[in-house]
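The values are calculated or read from the model by the stated rules, or taken from the named source; none is laboratory data. Here the structure is a predicted model, which is why all the values come from computation and not from measurement. Cβ: placed from backbone, ideal geometry, glycine included. Neighbour counts: every protein chain shown.
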Amino acid sequence: MNDIPASTNPDATKSVLLSVTSLIEAIAGFALLVSPSSVVMILLGAQPQSPSELVVARIAGAALLALAVACWRARRDASSRSASGLIAAMLVYNSATVLILTVAGLSSGPLGIALWPAVVLHAAMAVWCITCVRK
């Protein structure tokens, strides 16, 4: 057994990050697949305007579910180069999401109730990814 606390054990910290990421992305992905209009309304305060927008939202949901599965599978092998690469990829994803949602929030369009909490969540996850990548 490893007696080093997770806060000082880089592999344990990566494992927790991958587990939490998997949970968050699975919930978001499932929500986008099942009810894309509701998710877009909660985030952006507007309904998708065309059937093609719903298709794109559902594809995003499937992509988030794929990320959730990858993170879940990697959580027990956090010391591998693949897990480190996955964390780096999640850093890109979280950083891009912060940028995209911030631009949306600062535009003149409507805002959903979950927009700024989503920005904060993705910013925190990006910082956590940076911490893990640097260790």
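Data for the structure
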{"quantity": "From the options Ala70, Ala57, residue that is assigned to a helix (DSSP H, G or I), at pLDDT 95 or above and either charged (D, E, K, R) or under 24 Å from Leu18 (Cβ atoms) (or both)", "calculated": "Ala70"}
{"quantity": "Yes/no for Leu91 being within 19 Å of Leu121 (Cα to Cα) and in a helix (DSSP H, G or I)", "calculated": "yes"}
{"quantity": "Failed criterion for Gln49 (all others in (1) outside any loop (DSSP other than H, G, I, E, B); (2) over 16 Å from Leu115 (Cβ atoms) hold)", "calculated": "(1)"}
{"quantity": "Residue in segment 23-33 that is out of contact with any Phe, Trp or Tyr (no Cβ under 9 Å at 6 or more places or on another chain), without any contact (Cβ under 8 Å) to a residue 12 or more places away in the chain, assigned to a helix (DSSP H, G or I) and small (Gly, Ala, Ser) present", "calculated": "no"}
{"quantity": "Pairs with Cβ under 7 Å, 6+ apart, first in segment 83-105 and among the polar types (S, T, N, Q), second buried (at least 16 other Cβ atoms within 10 Å of the Cβ)", "calculated": "Asn94/His122; Asn94/Met125; Asn94/Ala126; Asn94/Cys129; Ser95/Ala126; Thr97/His122; Thr102/Val119"}
